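The values are calculated or read from the model by the stated rules, or taken from the named source; none is laboratory data. Everything numeric in this text was worked out from a predicted model, so none of it was measured. A quick note on method: Cβ atoms are made from the backbone with ideal geometry, for glycine too, and the neighbour counts reach across all protein chains shown.
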Amino acid sequence: MGPSLKSEETIREYLLGRVSDETTLEGIEGLLFTDEEFCSQVQLAEDGLINDYVLGRLDEPDAEDFRATLKTNSERNFQVELTQALREKALSQQTVTEARPSFFSSLASFFHQPKYAGAFAVLLIAAVIAVVYFSRINNQDQLAELRSVYREARPTETRIAEFNYAPLPQLRGAPDPVVQGRLRRIENNLIDAVEKNSNAQTHHALGVFQLTQQKYPEAISELETAAKLAATNAKFHNDLGSAYYELARASRAEKKLESLDHALDEFTRATELDANLLEALFNRSLALQELGSRREATDSWTRYLQKDASSPWADEARKNLARLENEQTLFRKDEDVLRDFLAAYRNQDKARALKIHNETKGLLKTVMVPLQLSQKYLVARTSGNEIEARESLEAMTFIGDFERTQNSEFFFLSWPAITPMRRLHSSRCC
Amino acid sequence: MFLFICRELEYSVAELPLTRLPVLNLFKAKVNKEVTPESFATFLSWLGPDPESAGEEYERLRFRLCNFFGQRHCRFADELADETINRVILKVSEEPIGNKLAYFYGVAKNVYRESLRKERTHLDIDEVTVAAPAPEEQSFSSECLDKCLAKLAPESRSLLLDYFSEARHAKVELHRRISESLQMTQTALRMRVMRTKQKLKICVQKCMS
């Protein structure tokens, strides 16, 4: 029932006042009051409806139903009025802009004169070279200094471009006074650099600094500017993605998804621009994992390890991959778990079979392999399938023996079903 | 009264982005209790650790409640939402409540049932539906809109105006272009537009009140 209530179609019908079935209505209301993500989804859908209504994009039956909801929901009515007023303002501004010759068209007519254009081009090139050269040297110094501050413990879970590996500390205390002084100097120099030469490099360097200081909104603002000014720089997009990712980790549930979505967009863009940028490949995998896209995250980590198999970052990638594989077992259907277990058992792949058993035994749910085996045994006995019954019994004994020898655990051998089953089976067979 | 409450709590209006505070109507509950600055303060700290998060939480609650009553075709969804909030304010100051949203949902259902009974009583007596005249809504102030648009960050302002600028047929293409130029997905763009509009709404409501 859950997923269908969360579908866009159902939400739209609900917002148009077309859901009259009490069970569905209560189901939606229940989600609205308990599920933050669903509430955000409904808010977004309502805003979409309001925009579509104002922009005349609803067909007549939808528009009529929407109008009817306005009579009882003055909050929505106010939002419609606000959107209509915004639309009028936007259209009137557009008319004014079109009527007035723009600064750019005046500039274009100036450059139609070749002598001005040539001289200006030479001056511009010289100025750009000088500015980029000096600001890059300064920024590189400051970033190198910043990297050295974080060579023992890295400041973010994600990889910032060109930062070497350092473990992620569980707890971060306030830096000591010497480090604080260094950080203050770096910050002042980077702010100065932006004020004197506002370009992609200076904004990027300041953004990275703010990212390391956990000032995520400020970091995003600087890094967005950098990424706009140098739209093809993969590293800038990677670092912007990092800022969004770290913001997501610090955000409440309803905002987390939005920031993670931004982060994934930026990491993806970075990998599109440079398929070998390890930082972005690593971060993209992290974002997918955090978003719960297990299969995509698994693929992404595997691809990362194909490009980097030996660095300390690769060790973290392997740990994440292992965690995903464990989670996959936890979230799989009962019958899939049993099928995998039996496949391993039949192939005498004891290690794999016991791994599956170990991963599910603590759950004490129907997914537990011994429980499923005992059910399988009973079904096989009832239907007269002796081969399957025997196999189930032997597999249960295999688990029981393992638990007894490895963990001194007799629970599985004395599993309520095993002993009578064994007795029953041996009396019939032998 | 609102200013008085804010002074008492050492908050400024700007710090507390609550748009319509039901307590300001000096609501009196069935048991003749009144919302006091103290109970209001308790309610705020229960909603969120600081004024900003309490304000955000309040907006989402109101959205939930208005939809709850609106989709159940209640005549004055807003007032019922306010009534629900008022009852919770009074309760919060008396005893601890664990699950906020579940509690709000429960109170909303009670308020809804009571509103149905009231409507039925009206019909029994008069045999006609005589709705009270709807409270007069203030007409939208474009002056406030201008002021609030000016307060937005320049990029947010131009994003909103760009988003609503083109003719109907060009809208889809325009939104695709904006999302490409800002290098974000169209869903992320819709979210950003929605959040900016929410900010604007709060500002305009405050200005109009």
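From the set of residues in the stretch B:61-75 that are within 18 Å of A:ASP65 (Cβ to Cβ) and more than 7 Å from every other protein chain (Cβ to nearest Cβ), which is surrounded by the fewest Cβ atoms within 10 Å (Cβ to Cβ)?
B:ARG72
Let's see how each residue does on (1) modelled with pLDDT of 90 or more; (2) surrounded by 19 or more Cβ atoms within 10 Å (Cβ to Cβ); (3) over 22 Å from B:ALA108 (Cβ atoms); (4) at the interface with chain B (Cβ under 7 Å from one of its Cβ atoms):
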residue	(1), (2), (3), (4)
A:PRO3	no, no, yes, no
A:THR10	no, no, no, no
A:THR24	no, no, no, no
A:THR69	no, yes, no, yes
A:ASN73	no, yes, no, yes
A:SER92	no, no, yes, no
A:PHE104	no, no, yes, no
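From B:LYS91, B:LYS197, B:LYS109, B:LYS171, which residue is at pLDDT 80 or above, at the interface with chain A (Cβ under 8 Å from one of its Cβ atoms) and either at positive phi or assigned to a helix (DSSP H, G or I) (or both)? It would help to see each step written out before you state the result.
Values: B:LYS91 fails: at the interface with chain A (Cβ under 8 Å from one of its Cβ atoms); B:LYS109 fails: at the interface with chain A (Cβ under 8 Å from one of its Cβ atoms); B:LYS171 fails: at pLDDT 80 or above.
When all the criteria are applied, what remains is B:LYS197.
Within the set of pairs 6 or more residues apart or between chains, which connect a residue that is facing chain B (nearest Cβ under 10 Å) inside the stretch A:249-265 to a residue that is of a type in the set (Gly, Ala, Ser) with Cβ atoms less than 6 Å apart?
Final answer for the pair search is A:GLU254/A:SER40; A:SER259/A:ALA248; A:SER259/A:SER251; A:ASP261/B:ALA188; A:HIS262/B:ALA188; A:LEU264/A:ALA287.
Applying the selection to the stretch A:375-408, what residues are of a type in the set (S, T, N, Q) and buried (at least 20 other Cβ atoms within 10 Å of the Cβ)? Explain how you work it out, then say what you get.
So in the stretch A:375-408, the residues of a type in the set (S, T, N, Q) come out as A:375, A:382-383, A:385, A:392, A:397, A:405-408.
Correct list: A:SER392 only.
Report yes if some residue within the stretch A:38-48 is within 12 Å of chain B (Cβ to nearest Cβ), more than 24 Å from A:SER259 (Cα to Cα) and touching a helix residue (DSSP H, G or I) at 6+ places or on another chain (Cβ under 9 Å); otherwise report no.
Of the residues in the stretch A:38-48, the ones within 12 Å of chain B (Cβ to nearest Cβ) are A:38-48.
Right, trim to more than 24 Å from A:SER259 (Cα to Cα) and you get none.
No: zero hits.
Results for (1) surrounded by fewer than 22 Cβ atoms within 10 Å (Cβ to Cβ); (2) assigned by TED's automatic domain parsing to the domain that holds A:GLY292; (3) more than 19 Å from A:LEU273 (Cβ to Cβ), shown as yes or no for each residue.
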{"site": "A:GLN213", "(1), (2), (3)": "yes, yes, yes"}
{"site": "A:PRO217", "(1), (2), (3)": "yes, yes, yes"}
{"site": "A:GLU222", "(1), (2), (3)": "no, yes, yes"}
{"site": "A:LYS228", "(1), (2), (3)": "yes, yes, no"}
{"site": "A:ALA231", "(1), (2), (3)": "yes, yes, no"}
{"site": "A:LYS235", "(1), (2), (3)": "yes, yes, no"}
{"site": "A:ASN238", "(1), (2), (3)": "no, yes, no"}
{"site": "A:ALA243", "(1), (2), (3)": "no, yes, no"}
{"site": "A:ALA250", "(1), (2), (3)": "yes, yes, yes"}
